[in-house]
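Enquirer: Dropping the structure in here first, questions after.
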Amino acid sequence: MNVVQASLTLIVWVAIVLLANWIYKKQNEKIKLWKIALLTLAGLFSFSFTLPKDGEMLRIAILPLGVMFLFFFFRKKKEKWNIYRKYAWLGFWANYLFLAAILLSQPIYQQIYIENQASTYLASFHDPTLTAIHPSGVEKSIDGEVLESFVSSMSQQSFPSLDWYYETKPYDQQAPVHVKEKFPYILTGVQAKWGSGIHSVIYVERDGKGLLVSTPKGQHYFRSEMGVFGEGEE
Amino acid sequence: MNKKVFVFGLVVLAIATFFFRLQLKEPLPFFSENDLIEELNSNGNYARVSEILDMVSIDERHVFVPFVLENGRYGFSAWEWNPSRKWEILAFHSVDGPSLWNIDNRSERYFVYNFPPDDKVTELHVYMIRDRNAWISYDVPAYLPRIQLEENISLGDKRYGVYKMPEEWVELNDRLSENETGRTDQLFSSLFSQHELMHYGWRTVGQNGEQRFIEQEENGFGSSYSGAVLFLSTLSDQDLEFGE
């Protein structure tokens with residue numbers, strides 16, 4: 001959940017309350033507040049069709065299960081049902097408001113958190129540390145100030161993942177295998193842009209000039225002209 | 001008036017329950033050496049225990065017991081305090097090499113081992129490894145660097161021990177699993193299960209840094225009574241990568 005989606009979802013909830021209030025005012029016969037809340041929530045319950053889009057699950061409500069259940073429950077109390085059903089249906093249609101919120105949040109999100117920019121994934125630094133994850137990685141220090149200008153100088157590039165793999169460890173090598181891992185470090189103490197909801201693992205390239213950012217939705221490779229290692233280190 | 005008595009009774013009952021439960025949580029003292037040998041040998045295991053080398057309390061609810069079997073093999077058992085008021089055996093191993101003990105659902109992890117005496121084997125190396133991987137799916141490339149972390153445990157006169165998994169390993173694992181749970185759709189989850197691909201292994205090494213096994217005549221065996229104590233795979237040079 002990111003902050004864009006969270007705020008839009010909140011707006012939908014406010015809209016539901018306002019709509020329920022509108023129905024309430026139009027009706028002559030007044031019912032208790034908790035009943036309204038319960039009816040609307042029950043109405044939300046539906047059989048839905050789910051399909052993924054850009055890493056989000058879109059739920060398209062088809063069968064108003066909640067409404068059907070309530071109808072069955074109040075089938076012998078016609079007058080009551082006449083009042084209740086409006087709230088139940090509001091609950092069902094609210095599914096589409098939530099769907100709209102997700103659809104709307106995606107383009108807004110992409111405007112704020114630009115996918116191919118390194119600063120989206122490396123926005124704030126709290127004691128950034130480089131840790132070797134492979135025997136070919138020598139202990140390196142990292143300069144916090146350099147890191148910030150390093151991040152702004154980076155650009156995203158496409159990468160030949162399979163070539164990297166075969167270049168790193170040729171098939172025919174005999175043990176013991178001496179290997180130089182292309183990304184022998186991970187960078188910690190770095191946070192993605194506030195509200196993005198991104199959790200990434202950041203691998204640092206052997207020469208200190210490239211980052212491979214691994215997020216649950218995919219990977220991004222950034223290169224820079226300058227290196228990120230502390231002074232006097234190559 | 002009746003109501004007051006009722007409320008008072010309820011309060012007394014609540015306090016009593018609280019103290020009773022508190023007392024339940026306090027583990028009973030661990031077995032004496034003789035009782036422990038008897039307990040171990042009543043378990044219907046393949047070989048009988050002849051000597052208890054030590055009883056190492058990891059915390060007040062977990063005890064590691066290295067032992068020697070009657071057939072001469074070295075092994076260990078792992079014990080946990082069960083809140084239903086008894087000490088419960090989690091594992092009885094006499095296979096080669098260490099095991100990984102996950103305590104309280106992975107919040108703490110320990111390498112536990114008991115090697116027979118052998119002057120030529122001086123160090124135990126344990127590893128956390130995730131294999132290098134690369135793929136392209138629907139034109140989207142992905143590359144997972146190899147993770148290979150190593151800890152060297154010196155095997156001095158004391159051939160058994162409990163070695164806590166380093167913080168950095170635990171953190172790296174958490175980081176990778178967090179990356180995993182950040183997902184919202186399950187469709188592509190298998191592609192990025194970085195955390196589940198992690199495995200652990202070991203090898204023993206002699207003075208010159210070469211791999212060296214400890215030969216034992218009898219075959220080892222292991223019984224696990226819970227998933228908390230895991231065998232580790234034996235690694236050879238082919239399974240490892242070296243720097244320069």
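Laboratory data are not the source of any read-out in this text; all were calculated from the coordinates shown. All of these numbers come straight from a predicted model, not from anything done at the bench. Don't worry about glycine lacking a Cβ; one is built from the backbone with ideal geometry, like all the others, and counts go over all protein chains shown.
Enquirer: For chain A, set up a Gaussian network in which alpha carbons nearer than 10 Å are linked by springs, and say which option among A:Ser153, A:Ser124, A:Ser161 fluctuates the most.
Expert: Highest fluctuation of the listed residues: A:Ser161.
Enquirer: Got a sec to turn the phi values of the range A:37-52 into Karplus ³J(HN,Hα) couplings, 6.51 cos²θ - 1.76 cosθ + 1.60 with θ = phi - 60°, whole Hz, x for Gly and Pro?
Expert: Listing the rounded values in order: 4, 5, 4, 5, 5, 5, x, 4, 5, 8, 7, 9, 9, 10, 9, x Hz.
Enquirer: Loop only per DSSP, at most 16 neighbouring Cβ atoms within 10 Å: give me the GluC sites (Glu not before Pro) in the range A:18-79, ordered by residue number. Provide the component values of the computation, followed by the final result.
Expert: On the way: sites: A:Glu29, A:Glu56, A:Glu79; in loops: A:Glu29.
When the GluC sites (Glu not before Pro) of the range A:18-79 are filtered for loop state and at most 16 Cβ neighbours within 10 Å, A:Glu29 remain.
Enquirer: To the nearest 20 debye, what charge dipole does chain A have about its Cα centre, counting +1 at the Cβ of each Lys and Arg and -1 at the Cβ of each Asp and Glu?
Expert: 2980 debye
Enquirer: While we're on this one: Working from the pairwise distances between different alpha carbons, so that the mean of 1/r is found and then inverted, what is chain A's Kirkwood radius in Å?
Expert: Values: mean 1/r = 0.0455 Å⁻¹.
One over the average 1/r among Cα pairs gives 22.0 Å for chain A.
Enquirer: Looking at this model, which pairs from A:Lys35/B:Lys4; A:Lys140/A:Lys169; A:Lys169/A:Lys193; A:Lys26/A:Lys80 are more than 27 angstrom apart at the alpha-carbon? Mind showing how you got there, number by number?
Expert: Details: A:Lys35/B:Lys4 35 Å; A:Lys140/A:Lys169 23 Å; A:Lys169/A:Lys193 35 Å; A:Lys26/A:Lys80 15 Å.
The answer is A:Lys35/B:Lys4; A:Lys169/A:Lys193.
Enquirer: Which whole-number percent is the relative contact order of chain B (Cα, under 8 Å, 6+ apart)? Provide the component values of the computation, followed by the final result.
Expert: On the way: 388 pairs, mean separation 46.3, N = 244.
It rounds to 19 percent for chain B.
Enquirer: Could you tell me the largest-minus-smallest coordinate of the C-alpha atoms of the protein assembly as shown on each of the three principal axes, in descending order and whole angstroms?
Expert: 93, 78, 38
Enquirer: Let me confirm one metric for peptide A:158-165, namely the mean number of other chain beta-carbon atoms within 10 Å of its residues' beta-carbons. Kindly include the intermediate steps, with their values, before the conclusion.
Expert: Working: counts 3, 4, 4, 9, 6, 3, 5, 8.
For this peptide, the per-residue mean of nearby foreign Cβ atoms is 5.
Enquirer: Moving on to the next point. How crowded by other chains is B:143-154, given as the mean number of beta carbons from other chains within 10 Å of each beta carbon?
Expert: Taking the mean over all residues of the peptide, I get 6.
Enquirer: If one computes the Cα centroid of the range A:69-122 and of the range A:141-213, what distance in Å separates the two points?
Expert: For the range A:69-122 versus the range A:141-213, the Cα centre distance is 40 Å.
Enquirer: Computed on alpha carbon atoms, what radius of gyration and Dmax characterise the range A:118-223, expressed in Å?
Expert: For the range A:118-223, the Cα radius of gyration and maximum Cα-Cα distance read 14.6, 49 Å.
Enquirer: Distance from the Cα centre of the range A:1-38 to that of the range B:137-181, in angstrom?
Expert: Each part's Cα centre sits 48 Å from the other's.
Enquirer: Follow-up question, since we're still on this one. Which residue, chosen from B:Leu144, B:Phe64, B:Gln207, occupies the Cα position most advanced towards the positive end of the dipole of chain B, where the dipole is computed from +1 (Lys, Arg) and -1 (Asp, Glu) charges on Cβ about the Cα centre?
Expert: Result: B:Phe64.
Enquirer: Please compute the modelled spin-label separation between A:Glu225 and B:Asn219, points set 7 Å along Cα→Cβ, answer in nm with one decimal.
Expert: Rounded to a tenth, the inter-label distance reads 6.7 nm.
Enquirer: Scan the range A:1-89 for trypsin sites (Lys or Arg not before Pro) in coil per DSSP, keeping those whose Cβ has at most 12 other Cβ atoms within 10 Å, and list them by number. Working shown, then result.
Expert: Values: sites: A:Lys25, A:Lys26, A:Lys30, A:Lys32, A:Lys35, A:Lys53, A:Arg59, A:Arg75, A:Lys76, A:Lys77, A:Lys78, A:Lys80, A:Arg85, A:Lys86; in loops: A:Lys30, A:Lys32, A:Arg75, A:Lys76, A:Lys77.
Here the trypsin sites (Lys or Arg not before Pro) that fit, given the DSSP loop and packing criteria, are A:Lys30, A:Lys32, A:Arg75, A:Lys76, A:Lys77.
Enquirer: For chain B, set up a Gaussian network in which alpha carbons nearer than 10 Å are linked by springs, and say which option among B:Ile15, B:Ile129, B:Ile89 fluctuates the most.
Expert: So, out of B:Ile15, B:Ile129, B:Ile89, the one fluctuating most is B:Ile15.
Enquirer: Still on this structure, please answer the following. Restricting things to alpha carbons, find the Rg to Rh ratio for the range A:3-112 using the Kirkwood radius for Rh.
Expert: On the way: Rg = 15.7 Å, Rh = 15.0 Å.
Result for the range A:3-112 is an Rg/Rh of 1.05.
Enquirer: Give the long-range amide H neighbours of A:Leu58: residues separated by 5 or more places, or on another chain, with amide H under 5 Å away, using H modelled in the peptide plane at 1.01 Å from N.
Expert: Long-range HN contacts for A:Leu58: A:Leu51, A:Lys53.
Enquirer: Using alpha carbons only, how many angstrom separate the centre of the range B:47-66 from the centre of the range B:88-112?
Expert: If we compute the Cα centre of each part, the gap is 12 Å.
Enquirer: OK, next. Based solely on its DSSP helices, what 222 nm [θ] is calculated for the protein assembly as shown when runs of n ≥ 4 H residues each add -39,500 (n - 2.57) and the sum is averaged over all residues, nearest 500 deg cm²/dmol? Mind showing how you got there, number by number?
Expert: Details: 10 runs with 149 residues, N = 478.
About -10000 deg cm²/dmol.
Enquirer: Over the range A:1-59, one equal point on each Cα, no solvent: what is log10 I(q)/I(0) by the Debye formula at q = 0.12, 0.13, 0.22 Å⁻¹?
Expert: Computed log10 I(q)/I(0) values: -0.44, -0.51, -1.01.
Enquirer: Taking every DSSP beta bridge with both residues inside the range B:2-239, roughly what % is antiparallel (nearest 5)? Walk me through the numbers before you get to the answer.
Expert: Details: 58 of 60 bridges.
Approximately 95 percent, going by the DSSP bridge assignments.
Enquirer: Next question. How big is the range B:2-239 in terms of Cα radius of gyration and Dmax, in angstroms?
Expert: 22.9, 83
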